[in-house]
Amino acid sequence: MSDATPDAFDPITLEIYWNRLISAADEAATGLLRTAFSTIVRESNDFATVLMDRNGNSVSENTGGLASFSCILPRTTKDFLTRFPAETWKPGDTIVTNDPWLATGHLPDFTVVTGIFHRGKLVGFSGSISHSPDVGGALWSADCREIFEEGIRIPPSRLLREGAWNQQLLDILLGNVRVPRQVLGDLQAQVVAAEVGARRVAEFLEDTGLPDLQGLSAALSERADRAMRRAIAEVPDGTWHSEITADGFDDKHTRIVCKVTVRGDTMHIDYAGTSPQIDRGINCVMNYTHAYSVYPVKCALDPFTPRNEGSYQAITVAAPERSILNPLYPAPVSARQLTGHLLAGAIYQALAQVIPNKVIADCGGAPTMRALFSGTRPDGDSFSQVLFASGGMGACPHKDGMSATAFPTNVGAGSIEAYESVAPIIVRKKRLRVDSGGPGTFRGGLGQEIELQLDTDAPARLSLLSDRHQNPAGGILGGLPGGPSVIAFGDGTKPHPKSRTSIGPRESVLLLYAGGGGYGDPKKRAREAVMEDLRHGYISAAAAKTIYGVE
Amino acid sequence: MTTTASARVGVDVGGTFTDLVLHDPVRNIVRTGKLLTTPDDPSEAILNGIARILREAELKPEDVHSVIHGTTLVTNTIIERTGATVGLLTTEGFRDSIEIGRETRYDLYDLFLETPALLVPRARRLEIPERIASDGRILLPLDEAAVVAATKQLVEAEGAEAIAVGFLHSYHSPQHEKRAGEIIRALYPNLPVSLSAEVAPEIREFERISTASANAYVQPLMARYLDRVQTTLQSTGFRGHLYIMLSGGGITTVREAKDFPIRLIESGPAAGAMASAFISRLTGLEHVVSFDMGGTTAKMCLVDHHEPNHKFDFEAGRVRRFQKGSGLPLKVSVVDMIEIGAGGGSLARIDPGSGLMKVGPRSAGAKPGPVCYGRGGTEPAVTDADLVLGRLDPAYFLGGEMALNLDPVRRAFETRITAETGIAVEQAALGVQRIVDETMASATRMHLAEKGKDPRRYTMIAFGGAGPVHAWNLARLLKIKRLVVPLGAGVASALGFLVAPPATDMVRSYVARLERIDWTRVNALFAEMKAAGSALLTEAGATPGSITFRPVAEMRHVGQGFEIPVLLPGLELSDADLPTIRERFFAAYRDRFERVVEESPIEALSWRLSCSAPGWTIDLAGAVPRTAEAGPAAPRTQRRVLFEGAGWLDCPVYDRYALRAGARITGPALIEERESTCVVGPGSEVVVDDFLNLVIDVT
């Protein structure tokens, strides 16, 4: 054990060491992002890198990574340690899993963790989570009834043993996916990232003369914990409730019941009363529920302290077993984001009752709406492309919500020119959707209207993962809901919003992305702001008159 | 121009100062000058400055061969949003591309993010029925009547002073944009028009159309400005050429600068990198980190084989200056430089949440400046820490023009840092230095890592007022073994104007898998770019035979998100070149990522041609003030300096201007010149080379 106690680090040294470890995680992320093959990783930012101490506690994380992933990875690593005890690790050992319950809640995400060695001793772990191009099973979809349909599940296993690939495991995995070369390419990128992180930490220990990360990790954790507790302590004690309804599946709407309790410098979030798990892939495992509960709290209360293991120690989260927020194996979970992304809205609706100036209204981009097209190009090559686009964010206490921007996830959108050059699809339009921003003193961000047309003589498959068709993003403190999601084919028929369907040659499909909720009474919106919205076509003349009372 | 017209003058108009540098190779003169910028009419300071520097050099306007001009006007216009009223024509269905953008939040945790204000608001973005597919098929012909109607509406109802046109897939099929341009020019012959296919012919509509819009936004102002500079210069008897510095470090003609003013966005910072490139050539250094640290920022740039690294995208007018993703993306050729919020004015504080010390990016700027300036600053800054640590001489700041006051500095550290943390003033000051140096080191490591480069192979060239003060420690943190500090920290950057070659970077997009590339098409693209580049460079002063062409393809594995530039074997290519190209791609890939994925297909996206003529050279010996007396390397005084890990050490203080080639000094030592002090840590050896650079062995 290290002799260094948390107090051994002064506020200057700690700042320097922390920044250095964050930039080590950033370097690992750069390695991953640049060598990854799957479009989903780079277009959707669907990855994270984390550096951990010997106990699997997070020390630092990459700056731009997906917040839920960096929160979950240390939990997964701690599970690895129960299966592969610390004393059994050798340099070059790398463990992989995509188990939804141990990791990020659905099969497409691979968690890869390597040991960090310094002077022959295991001192920590360098890991990443990345969304794989394919895991076999059904296409990425929301309508599977059991996890077995959703793809291949790899329990925690050695991907590399002392630097040598586990060929048997690779053969099994690659023999079960549609695009083995890309899946392997991305796994290799994750291994590169893990190695970069491990190397940088070893150099850091060499430079600083520290024997290991334990003392430093405890000190950093204590600082992050202190910052979060200080922020929570500023919230008055009390308990606040909220409830959100989602479209669910078919006629089974799902309910999220949320209770937030603040006591001194701690917070407890409880989902008792939430709908039971269902037999479709929108169940959200506890790891994911936890991650998407604590992340929005940090955004609202302590946005600027870098995150590590300490950040969320003051917050506890509970969800009843066999509920949609804590389903048990073998529940289908592939589209768990359709449920998990809604938690931020539920928590903010509760917190709006006590700290209205620190939260935003519900987001149209939560959950994300995804359309995945796959088929054959005229030149015979196959294609499979997810259309990345987002609805509008909820309005803020002092300004309008951001249009076409996702929250709580941070999904980017690629270029339409690049999209059209790989998929035989013509995007007829992609623009802001008038009147979709929830009215309020501050208006919700606008969603988008996107029309696509299949540009081949053969039909293609279309998988849809969406919500908010019947339950748009709610406003807060008198703000009104944003526009709901709509998906319709050219002939006006509406496909099931969570289904695998097909689209005919030259047929078009219109996707309307939901707008964010409004904040405060729309009648109190500044007249000039309404006139500006009208002038730029963000709202219609009818809306200006009937909703805002401005002609 | 007469045969005596041999002087060249570089003029850099910055936000606060207009810097000038003059070099006359025939008469062997180097002169520098600095005066306050005249914001209302920047040409006033330019004229006054040129008049003054000519007077000092005893030259006449007719003796000037050329004036090379760099300006922050484009940057400032975008930052301050003081550009033209622009109208934008887009493909039907896509008026919002520049507003929707990439749909990401640049800060994961900030719920109330500020986004950059739009250069072209929605009401001035009109859609035109037309559509070309990604393979060039015309799906919908251009509706010419709609172009007429939309342009009229933009000009007459919306008051547009410039028009940008951005249609989908114009990077390879520009015909609709070009036709729209003709229609607009026929309607309003004097209205500036920016076509996205001409400003930035690259795939990805958001970035391309943003760039075209930004070009239109600054175009009317820059055209008026450049005309005025040219006219007023001529009115003084100047008969030489006026060239303009580009963001990529080359120089170009006034006409080109008026057509594509957005390419001037980083023209000032590019000069510093060109100066480093010049010094690296003089001193024979193949791999250099150029480090320029001033009052509010530090800038780093890699210079390999005497060429600054380039990149082809830039972010202007960031809402948060040092936050990637918070600005407007521009597809322009720029020197690949990182800017860090770490300068002499960066402020130190204790973060209330975590209780840790933070330094920067908030800066005291020029006003009030650090506490030691005595102009009302109350928060300790990096310069204040340098003063406490003994690195700066309170009596010899800016050559003694400005006296620094230590007492209020100590009080500031006591109230802001010691009272909060119990850390003593000296240790707090050392902490500021450690944090700011580590911040710069981290950013540099990251920059090198993104390119797969190893800092240990690099030499650092340091300049700027604060550069030589921090360079030794920074080099140590980066494990860089050698440091070069050129003479005249404040002058070094301006030299870049005088050594910059006529140059231009051209690009065309054509996306194809390597084995399916139509080489006839590629060769035609290169031929077209070569002809245009030669014509432009000849106009910018190059002799036709001296121009070199560097053809590069931006390549990647199909499906990957990042392109790698690959140098091509020539301008006329065929399938026979495929093995070479593939090999070079793998070599470049391995350089960056330490592995290759041989079996995965490769595609090319863009084709670039860098055209440049040989740069100029300068003899710096003419830059030593005549008043300085040569002498042995004898210290003029001694001062105590606090070094991390070594404690307070007695340091001899040398006068930089008295050091001659061959002089040797052993650290710890301080070497002072007017605008800066070079700090040399214990054990390091310093040699003054033939060009009067300090060459420091950092061990």
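With a 10 Å cut-off around each Cβ of B:121-127, the average count of Cβ atoms from other chains is 3.
The calculated pair-distance distribution of region A:360-551 uses every alpha carbon pair, bins of 10 angstrom beginning at 0, and gives 11, 36, 30, 17, 6, 1 percent. The simple Förster model, with R0 at 60 Å and r as the Cβ-Cβ distance, assigns B:Thr617 and A:His536 a FRET efficiency of 0.65.
So in region B:82-217, what percent of DSSP beta bridges are antiparallel if you round to the nearest 5?
About 15 percent, rounded to the nearest 5.
Counting only lysines at least 8 places from B:Lys152 when in the same chain, those with an alpha carbon closer than 23 Å to its own are B:Lys178.
Using label points projected 7 Å from each Cα along Cα→Cβ, tell me how many nm separate A:Gln167 and B:Asp689, to one decimal. Roughly 5.2 nm, to one decimal. Extending 7 Å from Cα along the Cβ direction at B:Glu182 and again at B:Met446 yields two label points whose distance is 4.9 nm. Consider all pairwise Cα distances in region B:499-582 and report the whole-number % of them above 22 Å. Value for region B:499-582: 33 percent of Cα pairs lie more than 22 Å apart.
Within 10 Å of the Cβ of each residue in A:442-453, the mean number of Cβ atoms contributed by other protein chains is 1.
The alpha-carbon of A:Lys494 sits under 25 angstrom from the alpha-carbons of these lysines, leaving out residues fewer than 8 places away in its chain: A:Lys252, A:Lys429, A:Lys430. State the antiparallel share, in %, of DSSP beta bridges confined to the protein assembly as shown, rounding to the nearest 5. Beta bridges within the protein assembly as shown, antiparallel portion: roughly 80 percent.
Taking the Kirkwood radius as Rh and the Cα radius of gyration as Rg, region B:398-453 has a ratio of Rg/Rh equal to 1.20.
If you take the charge dipole of region A:341-455 about its Cα centre, with +1 on Lys and Arg Cβ and -1 on Asp and Glu Cβ, which of A:Gly364, A:Gly414, A:Ala346 is farthest toward its positive end? Projecting each Cα onto the dipole axis, the largest value belongs to A:Ala346. On the basis of the beta-carbon distance and an R0 of 45 Å, B:Ala51 and B:Arg362 show a calculated FRET efficiency of 0.70. Each of the peptides B:247-259, A:204-216, B:466-478 was scored by the mean count of other Cβ atoms within 10 Å over its residues; in descending order, highest first, they stand as B:466-478, B:247-259, A:204-216.
Counting other beta carbons within 10 Å of each Cβ, put B:Met460, B:Met337, B:Met402 in order, fewest first.
Fewest-to-most Cβ neighbours within 10 Å comes out as B:Met402, B:Met337, B:Met460.
Please state the shape class of region A:259-307: rounded when a/c is under 1.5, otherwise prolate if a/b exceeds b/c and oblate if not, all from the C-alpha gyration tensor. It comes out oblate by the Cα gyration axes.
Compute the FRET efficiency between A:Leu139 and B:Arg349 as 1/(1 + (r/R0)^6), taking r as their Cβ-Cβ distance and R0 = 56 Å, and round to the nearest 0.05. Taking R0 as 56 Å, the efficiency between A:Leu139 and B:Arg349 is 0.60. In terms of packing, defined here as the mean over residues of other Cβ atoms within 10 angstrom, the peptides B:144-154, B:95-105 line up highest first as B:95-105, B:144-154.
Could I get the Rg over Rh figure for region A:224-373? Both from C-alpha atoms, Rh via Kirkwood, rounded to two places.
Ratio of gyration radius to Kirkwood radius: 0.98.
If I model the protein assembly as shown as equal point scatterers sitting on the Cα atoms and use the Debye formula, what is log10 I(q)/I(0) at q = 0.07 Å⁻¹? The computed values of log10 I(q)/I(0) come out as -0.72.
Sort largest first and round to whole Å: the equivalent ellipsoid semi-axes of chain A, each the square root of five times a Cα gyration tensor eigenvalue. Provide the component values of the computation, followed by the final result.
Numbers: eigenvalues 286, 186, 81 Å².
Taking √(5λ) for each Cα gyration eigenvalue gives 38, 30, 20 Å.
With a cut-off of 8 Å between alpha carbons and a minimum separation of six or more residues, what is the relative contact order of chain A in percent? Relative contact order, chain A: 13 percent.
Which ordering of B:Lys479, A:Lys498 is given by a fewest-first count of other beta-carbon atoms within 10 Å? Don't skip to the end; give the middle numbers.
On the way: B:Lys479 15, A:Lys498 23.
Least to most surrounded, the residues fall as B:Lys479, A:Lys498.
Other protein chain C-beta atoms within 10 Å of residue C-beta, averaged over A:23-34: 4. In this entry, region B:198-242 is assigned a mean projected area of 3.9 nm², taken as a quarter of its C-alpha convex hull surface.
Alpha-carbon geometry of chain B: the Rg and the Dmax are 26.3, 80 Å, given in that order.
Could you run the Debye sum over the Cα atoms of region B:309-390, one equal point scatterer each and no solvent, and tell me log10 of I(q)/I(0) at q = 0.11, 0.13, 0.24 Å⁻¹, two decimals? Each listed q corresponds, in turn, to -0.42, -0.56, -1.05. Compared with the alpha-carbon gap, the fully stretched path from A:Ala233 to A:Thr266 is longer by 11.1 nm at 0.36 nm per residue. In sequence order, region A:52-60 has phi-based couplings of 10, 7, 5, 8, x, 7, 5, 9, 7 Hz under the Karplus curve 6.51 cos²θ - 1.76 cosθ + 1.60, θ = phi - 60°, and Gly or Pro positions carry x. Label sites at B:Thr378 and B:Ala424, each approximated as a point 7 angstrom past Cα along Cα to Cβ, lie 2.8 nm apart.
For region B:343-432, GluC sites (Glu not before Pro) are listed when DSSP marks them as loop and at most 15 other Cβ atoms sit within 10 Å of their Cβ; the list is B:Glu401.
In plain terms, the residue of B:Tyr188, A:Tyr348 with the fewest other Cβ atoms within 10 Å comes first and the most crowded comes last, giving B:Tyr188, A:Tyr348. Listed by chain and number, the lysines whose C-alpha is less than 28 Å from the C-alpha of A:Lys524, apart from same-chain residues fewer than 8 away, are A:Lys358, A:Lys399, A:Lys545.
How long is the gain from B:Thr38 to B:Ser574 if the chain were fully straight, where each residue apart is worth 0.36 nm and the alpha carbon distance is subtracted?
187.5 nm is the gain from fully extending B:Thr38 to B:Ser574.
Helix B:42-57 and the long axis of chain B differ in direction by around 50°, with both axes built from C-alpha atoms.
Computed from the alpha carbon atoms alone, the convex hull of region A:1-148 holds 131 Å³ per residue.
Taken together, the values in this text are just the output of simple stated rules run on the coordinates, not laboratory data. Treat the numbers as computed from the prediction; the structure is a model and nothing was measured. Note that we place each Cβ from the backbone using ideal geometry, even for glycine, and neighbour counts take in every protein chain shown.
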